[in-house]
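Enquirer: Got a structure for you, questions after.
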Amino acid sequence: MWKNGKGYTVKGLNGYLQILFYSEQTIRFAYSEDQELCPSTVAVVGEPQDIKAHLENMILVTPQLKIEVDSKTLNVKISSREGLVLSEDTEVDLKELRIKKKKLWEKGFYGNGEKYGWINQIGTATANYNNDVLFHHIIHNPLVPEMHTSIPFYIGAAPGRAYGIYFDNTHRTDFDFSKTDPGTVSFRARGGNLDYYFLYGPSVSKVLSAYGNLTGRPYLPRKNFLGYHQSRYSYETGPELLAIAENLRRHDLPCDVLYLDIAYMDAYKVFTVHGERFRDFKEILKQLREMGFAVVVIINPGVKVEEGYRVYEEGRDKGYFVKTAQGEEYQGEVWPKPAVYPDFMRSEVRQWWAGFHRELLDCGVEGIWNDMNEPTDFTQSAGTLPDDTVHYDDAGRQRPHREVHNIYGLLQNRATLKALEKYQPEKRPFILTRAAFAGSQRYSALWTGDNASTWEHLEVSIPMILNLGLSGYSFTGADVGGYRGDCSGELLVRWTQLGAFLPYFRNHSEIGTARQEPWAYSAEVLAITRSYIRLRYRLLTYYYNLMKESALNGAPAVRPLFYHNQDDLRTYHINDQFLLGEGLMVCPVLRPGLDRRQLYLPEGLWHDYWSGEVYRGGRYYICQAPLDTLPLFVRAGTILPHDSVEGAVGAAQTGKQLTMHCYAGSEGTYLLYHDDGLSFDYRQGGSSEVEFTMTADPLEPQIDQKIIRENYPLPEINLKIHPAGIV
Ligand code: MIG
């Protein structure tokens with residue numbers, strides 16, 4: 001092993017290993033057959049750092065870790081400075097592009113992005129290749145490992161220790177978490193390089209913060225996009241969309257965002273608007289804006305092959321579409337029938353694509369929904385472009401689709417972001433995507449694609465979204481009510497209750513299914529869904545602050561219980577409850593006909609949000625949960641801002657009057673952040689912060705407020721103390 005620039009190099013029997021530091025806790029292991037360092041993928045934004053490290057008897061010692069490398073096999077062993085082994089290879093195979101590691105002390109494996117399955121993936125295997133699942137399967141199910149999104153990142157955790165592994169490879173990858181062999185964890189790729197990062201905790205939150213430094217952080221969303229969204233495949237005409245808006249207002253349903261699915265286009269031609277169905281498009285959007293709604297339109301990457309259609313002709317003439325292996329324009333099929341695919345690998349193509357958004361944005365569109373960007377191709381049995389179709393990178397080198405596939409969606413989102421930054425520079429962007437890769441959190445919110453209106457999919461949405469959060473993706477959600485199939489009134493109630501506590505909150509359903517807007521059912525369903533949508537808006541400032549934390553330090557807004565109770569093994573398999581931030585425990589009902597449920601409260605005191613009763617944690621409880629109740633608990637020591645919300649209008653109403661609910665029984669602090677929720681002024685200091693502290697006294701705690709900064713008008717702030725009268 002020898003020092004080589006900022007890092008170290010080791011020569012083994014079959015190749016070389018480069019060790020580079022991206023922080024004291026983030027170490028890159030890049031293998032190659034020659035001594036060249038392989039390039040990082042587009043996921044990585046971190047840079048190698050000079051870290052104090054030295055060699056001691058051929059062991060590389062850093063301030064936090066010790067790294068040993070077998071000079072024949074290039075197997076790596078990483079230990080903490082105290083001597084605890086954190087990671088130990090049993091095989092490094094440069095030909096098969098595979099690494100095997102010992103399963104050590106891990107009690108759970110988490111992350112892996114969007115996966116249909118339980119939160120703790122110990123004993124399972126998975127694979128990554130972005131997949132329009134419904135192309136092959138009638139419904140998402142646990143036997144389909146490949147979903148719309150691929151994030152080759154996992155966390156190994158146990159009490160007192162945790163690490164992450166990020167495999168920086170865009171090809172198809174496979175992971176095995178002690179499924180095949182209980183003593184082994186392994187990962188491999190079907191092409192590209194063996195290049196991965198070890199991210200040390202020892203807490204899960206530190207692993208995620210390191211992962212955020214490496215692959216990037218989300219931007220702060222506009223506050224209205226944290227409200228309720230109403231969608232349908234499709235609101236087919238201008239009048240229909242206006243009627244939806246009016247119904248929302250008439251039924252006193254707060255809502256901020258409406259969607260135009262594919263019917264708004266002319267013959268499914270991207271960047272067109274149907275002349276008949278959306279005559280006066282600009283005028284419709286203006287009316288909606290005046291009513292307080294933002295409109296998001298769907299964009300598909302597949303471009304209709306048609307003479308005289310500008311997007312096609314320009315792209316064809318400039319050679320901007322993906323090519324066959326023989327160098328011809330590759331034609332597949334999506335909604336517009338024969339379709340070609342922009343080669344988003346090239347910045348020139350992304351620039352060109354960005355330009356087409358201008359008209360839509362000028363008309364008053366406020367956000368872009370990128371769908372079918374795995375990308376989908378109906379002509380292929382694989383449902384996507386053939387592996388050997390050809391992209392070009394900026395250096396003019398050919399890149400096979402199998403290498404680009406998993407980042408195709410990310411690259412499209414990158415083009416979209418460019419458009420929003422350019423044509424809507426005064427507002428923070430909103431992009432929603434279906435396909436994503438590691439690093440996509442920098443560009444877009446993500447929804448989990450085509451779920452179904454079943455109780456099973458309601459249930460699975462929780463571990464899916466929690467694992468996305470443990471993969472650096474905070475702004476996520478599932479279609480509320482389910483996409484495919486008819487949703488019942490009871491299911492819509494339970495789903496809206498859950499959705500109100502997940503970051504991206506949109507009701508959406510497939511064409512041909514029963515109407516799924518909250519007023520399509522009984523008066524009872526409408527009343528309960530309304531009360532939970534309102535609760536969402538009462539918590540909007542809290543949400544906004546959580547998204548600010550995600551933007552700042554990579555913490556997901558929703559967290560599994562072990563995120564804050566890593567020493568409590570009882571939390572390692574909990575799929576059906578979660579924390580919103582640190583303080584709010586959400587326990588949705590996930591089965592029909594139930595009026596109570598079991599839940600677990602970790603150590604400490606917890607306030608029942610509804611009754612005010614105080615519970616001791618470290619125990620299981622059975623709580624009442626009739627249809628109008630989602631059990632909610634607040635950790636003692638939490639200071640929870642509540643907006644006052646009246647009537648139907650959305651986010652514009654919030655941030656004016658806040659009540660800080662102080663849940664006594666433990667010391668607590670809360671940093672309230674406030675800005676215009678819309679522009680980039682906050683980057684020039686246009687924001688305010690107030691720090692609240694609460695003493696531990698269970699009955700009459702002392703609450704202090706300190707203004708840290710006041711560069712944006714603060715809301716009127718009231719306090720409400722919830723004493724912890726012990727039960
Ligand atoms: O093949 O645009 O996941 O949300 O409504 C269906 C129509 C294409 C798939 C998306 C869904 C959307 C639908 N799209």
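Enquirer: Is the range 427-434 home to any residue that is more than 17 Å from the chain's Cα centre (by Cα) and closer than 24 Å to Phe356 by Cβ?
Expert: So in the range 427-434, the residues more than 17 Å from the chain's Cα centre (by Cα) come out as 427-428.
Imposing the further condition that a residue be closer than 24 Å to Phe356 by Cβ reduces the set to 427-428.
Yes.
Enquirer: Also, quick follow-up: Do you know which residues across the range 252-265 are under 23 Å from Asp450 (Cβ atoms) and either assigned to a loop (DSSP other than H, G, I, E, B) or more than 16 Å from the ligand (Cβ to nearest atom) (or both)?
Expert: The first filter runs over the range 252-265 and keeps only residues under 23 Å from Asp450 (Cβ atoms), leaving 255, 257-265.
Matches in the range 252-265: Cys255, Asp261, Met265.
Enquirer: Checking the condition touching a residue at least 24 places away in the same chain (Cβ under 8 Å), surrounded by fewer than 24 Cβ atoms within 10 Å (Cβ to Cβ) and either over 19 Å from Glu374 (Cβ atoms) or within 16 Å of the ligand (Cβ to nearest atom) (or both), which residue from Ser488, Ser474 passes?
Expert: Ser488
Enquirer: Within the range 192-200, is there a residue that is under 30 Å from Met291 (Cβ atoms) and either touching a residue at least 24 places away in the same chain (Cβ under 8 Å) or surrounded by fewer than 23 Cβ atoms within 10 Å (Cβ to Cβ) (or both)?
Expert: Of all residues in the range 192-200, those under 30 Å from Met291 (Cβ atoms) come to none.
Looking through the range 192-200, none of the residues is under 30 Å from Met291 (Cβ atoms) and either touching a residue at least 24 places away in the same chain (Cβ under 8 Å) or surrounded by fewer than 23 Cβ atoms within 10 Å (Cβ to Cβ) (or both).
Enquirer: Follow-up. Right, Val207: of a type in the set (Val, Ile, Thr) and more than 24 Å from Ala551 (Cβ to Cβ) or not?
Expert: Working: of a type in the set (Val, Ile, Thr): yes; more than 24 Å from Ala551 (Cβ to Cβ): no.
Considered against the rule, which asks whether it is of a type in the set (Val, Ile, Thr) and more than 24 Å from Ala551 (Cβ to Cβ), Val207 comes out as no.
Enquirer: Hey, among Leu97, Leu86, which residue is in contact with a Phe, Trp or Tyr (Cβ under 7 Å, 6 or more places away or on another chain) and either surrounded by 19 or more Cβ atoms within 10 Å (Cβ to Cβ) or closer than 25 Å to Pro556 by Cα (or both)?
Expert: Values: Leu97 fails: in contact with a Phe, Trp or Tyr (Cβ under 7 Å, 6 or more places away or on another chain).
Checking each option against the conditions leaves just Leu86.
Enquirer: Out of His140, His136, I need the residue that is within 18 Å of Ile465 (Cβ to Cβ), of a type outside the set (Phe, Trp, Tyr) and within 16 Å of the ligand (Cβ to nearest atom). Which one?
Expert: Working: His136 fails: within 18 Å of Ile465 (Cβ to Cβ).
Of the residues listed, the single one that is within 18 Å of Ile465 (Cβ to Cβ), of a type outside the set (Phe, Trp, Tyr) and within 16 Å of the ligand (Cβ to nearest atom) is His140.
Enquirer: Only residues that are crowded, with 24+ Cβ neighbours inside 10 Å, more than 16 Å from the ligand (Cβ to nearest atom) and over 12 Å from the mean Cα position of the chain (by Cα): list them for the range 439-459, please.
Expert: Scanning the range 439-459 gives a single hit, Leu458.
Enquirer: In the range 369-397, how many residues are among the aliphatic types (A, V, I, L, M), within 28 Å of Ala263 (Cα to Cα) and touching a residue at least 40 places away in the same chain (Cβ under 8 Å)?
Expert: The initial filter retains those residues of the range 369-397 that are among the aliphatic types (A, V, I, L, M), namely 372, 382, 385, 390, 395.
Next, only the ones that are within 28 Å of Ala263 (Cα to Cα) stay: 372, 382, 385.
Next, only the ones that are touching a residue at least 40 places away in the same chain (Cβ under 8 Å) stay: 372, 385.
The total comes to 2.
Enquirer: Hey, can you tell me all the residues within the range 339-376 that are within 16 Å of the ligand (Cβ to nearest atom) and under 25 Å from Tyr129 (Cβ atoms)?
Expert: Result: Ala339, Tyr341, Ile368, Trp369, Asn370, Asp371, Met372, Asn373, Glu374, Pro375, Thr376.
Enquirer: List, please: which pairs have Cβ atoms under 6 Å, are six or more places apart or on different chains, and start with a residue in the range 288-304 that is assigned to a strand (DSSP E or B) and end with one that is within 11 Å of the ligand (Cβ to nearest atom) and at pLDDT 95 or above?
Expert: Within 6 Å, the pairs are Val296/Tyr259; Val296/Trp369; Val297/Leu260; Ile298/Asp261; Ile298/Ile262; Ile298/Trp369; Ile298/Asp371; Ile299/Asn370.
Enquirer: Can you name every residue in the range 502-522 that is surrounded by fewer than 24 Cβ atoms within 10 Å (Cβ to Cβ), in contact (Cβ under 8 Å) with a residue 24 or more places away in the chain and among the hydrophobic types (A, V, I, L, M, F, W, C)?
Expert: Once the filter is applied, which keeps residues that are surrounded by fewer than 24 Cβ atoms within 10 Å (Cβ to Cβ), in contact (Cβ under 8 Å) with a residue 24 or more places away in the chain and among the hydrophobic types (A, V, I, L, M, F, W, C), the range 502-522 yields Ile511, Ala514, Trp519.
Enquirer: Right, here's the next one. Condition first: under 27 Å from Val207 (Cα atoms), among the hydroxyl-bearing types (Ser, Thr, Tyr) and assigned to a helix (DSSP H, G or I). Can you find one or more residues in the range 566-582 that meet it?
Expert: Going through the range 566-582, the residues under 27 Å from Val207 (Cα atoms) turn out to be 566-582.
This time we only want the ones that are among the hydroxyl-bearing types (Ser, Thr, Tyr), so: 571-572.
Of the ones still in play, those that are also assigned to a helix (DSSP H, G or I) are 571.
Checked against the condition, which is being under 27 Å from Val207 (Cα atoms), among the hydroxyl-bearing types (Ser, Thr, Tyr) and assigned to a helix (DSSP H, G or I), the range 566-582 yields at least one hit.
Enquirer: All but one of (1) within 16 Å of the ligand (Cβ to nearest atom); (2) out of contact with any Lys or Arg (no Cβ under 7 Å at 6 or more places or on another chain) hold for Tyr268, so report the exception by its number.
Expert: Failing condition for Tyr268: (2).
Enquirer: Give the residue, chosen from Gly275, Gly292, that is more than 13 Å from Glu366 (Cβ to Cβ), away from the ligand (no atom under 15 Å from the Cβ), modelled with pLDDT of 95 or more and among the small types (Gly, Ala, Ser).
Expert: Working: Gly292 fails: more than 13 Å from Glu366 (Cβ to Cβ).
Matching residue, one of Gly275, Gly292: Gly275.
Enquirer: Also, I was wondering about something else. Does Trp519 fit the bill of being assigned to a helix (DSSP H, G or I) and within 16 Å of the ligand (Cβ to nearest atom)?
Expert: Values: assigned to a helix (DSSP H, G or I): yes; within 16 Å of the ligand (Cβ to nearest atom): no.
Judged against the criteria, Trp519 is not a match.
Enquirer: Is it the case that the range 670-682 has a residue that's surrounded by 15 or more Cβ atoms within 10 Å (Cβ to Cβ), free of Cβ contacts under 8 Å to residues at least 40 places away in the same chain, out of contact with any Lys or Arg (no Cβ under 7 Å at 6 or more places or on another chain) and of a type outside the set (D, E, K, R)?
Expert: Checking the range 670-682: at least one residue is surrounded by 15 or more Cβ atoms within 10 Å (Cβ to Cβ), free of Cβ contacts under 8 Å to residues at least 40 places away in the same chain, out of contact with any Lys or Arg (no Cβ under 7 Å at 6 or more places or on another chain) and of a type outside the set (D, E, K, R).
Enquirer: Determine which member of the set Arg316, Arg249 is assigned to a helix (DSSP H, G or I), closer than 26 Å to Gly477 by Cα, among the charged types (D, E, K, R) and out of contact with any Pro (no Cβ under 9 Å at 6 or more places or on another chain). Even if it seems obvious, please write down each step before you answer.
Expert: Details: Arg316 fails: closer than 26 Å to Gly477 by Cα.
Residue meeting the stated conditions: Arg249.
Enquirer: While we're here: Quick check: anything in the range 146-163 surrounded by fewer than 23 Cβ atoms within 10 Å (Cβ to Cβ) and within 16 Å of the ligand (Cβ to nearest atom)? Even if it seems obvious, please write down each step before you answer.
Expert: Step one: filter the range 146-163 for residues surrounded by fewer than 23 Cβ atoms within 10 Å (Cβ to Cβ), giving 146, 158-161.
Remaining after also requiring within 16 Å of the ligand (Cβ to nearest atom): 146.
Within the range 146-163, one or more residues are surrounded by fewer than 23 Cβ atoms within 10 Å (Cβ to Cβ) and within 16 Å of the ligand (Cβ to nearest atom).
Enquirer: What are the residue pairs meeting all of these: first residue in the range 444-458, first residue under 18 Å from Gly489 (Cβ atoms) and in a strand (DSSP E or B), second residue β-branched (Val, Ile, Thr) and within 14 Å of the ligand (Cβ to nearest atom), Cβ atoms under 7 Å, and 6 or more apart or on different chains?
Expert: Ala452/Ile139
Enquirer: In the range 518-539, which residue that is over 12 Å from Leu492 (Cβ atoms) and among the aliphatic types (A, V, I, L, M) is nearest to the chain's Cα centre (by Cα)?
Expert: In this case the residue turns out to be Leu539.
Enquirer: In the range 66-83, which residues are among the acidic types (Asp, Glu) and surrounded by 15 or more Cβ atoms within 10 Å (Cβ to Cβ)? Spell out how you get there, then give the answer.
Expert: Our first condition is that a residue be among the acidic types (Asp, Glu); within the range 66-83, this holds for 68, 70, 82.
Within the range 66-83, Glu68, Asp70 qualify.
Enquirer: Looking at (1) within 16 Å of the ligand (Cβ to nearest atom); (2) in contact (Cβ under 8 Å) with a residue 12 or more places away in the chain; (3) more than 22 Å from the chain's Cα centre (by Cα), which one does Glu240 not meet, given that it meets all the others?
Expert: Exception for Glu240: condition (2).
Enquirer: Something else: Take the range 145-200 and flag every residue that is closer than 19 Å to Leu94 by Cβ and among the acidic types (Asp, Glu).
Expert: Asp168, Asp174, Asp176, Asp195, listed by residue number.
Enquirer: Within the range 200-243, how many residues are in contact with a strand residue (DSSP E or B) (Cβ under 6 Å, 6 or more places away or on another chain), under 28 Å from Trp495 (Cβ atoms) and part of a loop (DSSP other than H, G, I, E, B)?
Expert: Within the range 200-243, residues that are in contact with a strand residue (DSSP E or B) (Cβ under 6 Å, 6 or more places away or on another chain), under 28 Å from Trp495 (Cβ atoms) and part of a loop (DSSP other than H, G, I, E, B) number 1.
Enquirer: Specify which of the listed residues (Pro463, Pro503) is more than 15 Å from the ligand (Cβ to nearest atom), on the phi < 0 side of the Ramachandran plot and part of a loop (DSSP other than H, G, I, E, B).
Expert: Working: Pro463 fails: part of a loop (DSSP other than H, G, I, E, B).
Of Pro463, Pro503, the one residue that is more than 15 Å from the ligand (Cβ to nearest atom), on the phi < 0 side of the Ramachandran plot and part of a loop (DSSP other than H, G, I, E, B) is Pro503.
The values are calculated or read from the model by the stated rules, or taken from the named source; none is laboratory data. Bear in mind the structure is a predicted one, so any value in this text is a computation, not a measurement. Note: ideal-geometry Cβ built from the backbone for every residue, glycine included; neighbour counts use all protein chains shown.
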